[in-house]
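Please treat every number below as a calculation from the coordinates, not as lab data. Everything numeric here is computed off the predicted structure, so don't read it as measured data.
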Amino acid sequence: TTAPPSSSTTTTRQGVIRSWDGLPLLRYSRYESEFDQIRALGKGGFGSVFLAINVLDKREYAVKKISIRCHASKFTQKLQRVLREVKILALLDHPNIVRYYTAWLEQDTTTTTNNNNNNNKK
């Protein structure tokens, strides 16, 4: 996800994180540090799914990446829709449905870098 416009900063044992409405927002890419992306598996209304291997346990995972890019006034509404999907997936337990493991929020560092580069060119 991209960083919300009015997030706050909190210090924890792991270092500095940002939060949005009390939800932790990682300032590093957990995905990039914990997974090796293999290939895209599919794309849907909310995001794209990638085959990735966890660098610690060496198991394959289908990781759904959802990017929230919108005007600041709509960010909370879109985030709530995504979190509603996460909560529903966490409740599902059926042999024909892919198992849900975890979710996290992180700042899209590529967007931030590109925005900073564009701002510097003006």
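Scanning residues 5 or more positions from residue 108 or on other chains, those with amide H under 5 Å from its amide H are 2, 3, with H placed 1.01 Å from N in the peptide plane.
Remark on residue 46: its backbone amide H falls under 5 Å from none of the residues 5 or more positions apart or on other chains, H modelled at 1.01 Å from N. Return the long-range amide H neighbours of residue 41 (sequence gap of 5 or more, or a different chain), with a cut-off of under 5 Å between placed amide H atoms. Counting only residues 5 or more places away or on other chains, the set is 49, 50, 51. Taking a quarter of the surface of the Cα convex hull of region 65-111 gives a mean projected area of 4.0 nm². 3J(HN,Hα) couplings calculated from phi for region 83-98 with the Karplus curve 6.51 cos²θ - 1.76 cosθ + 1.60 (θ = phi - 60°) are, in sequence order, 5, 5, 4, 4, 5, 5, 4, 5, 7, 6, 8, 8, x, 9, 10, 4 Hz; Gly and Pro show x.
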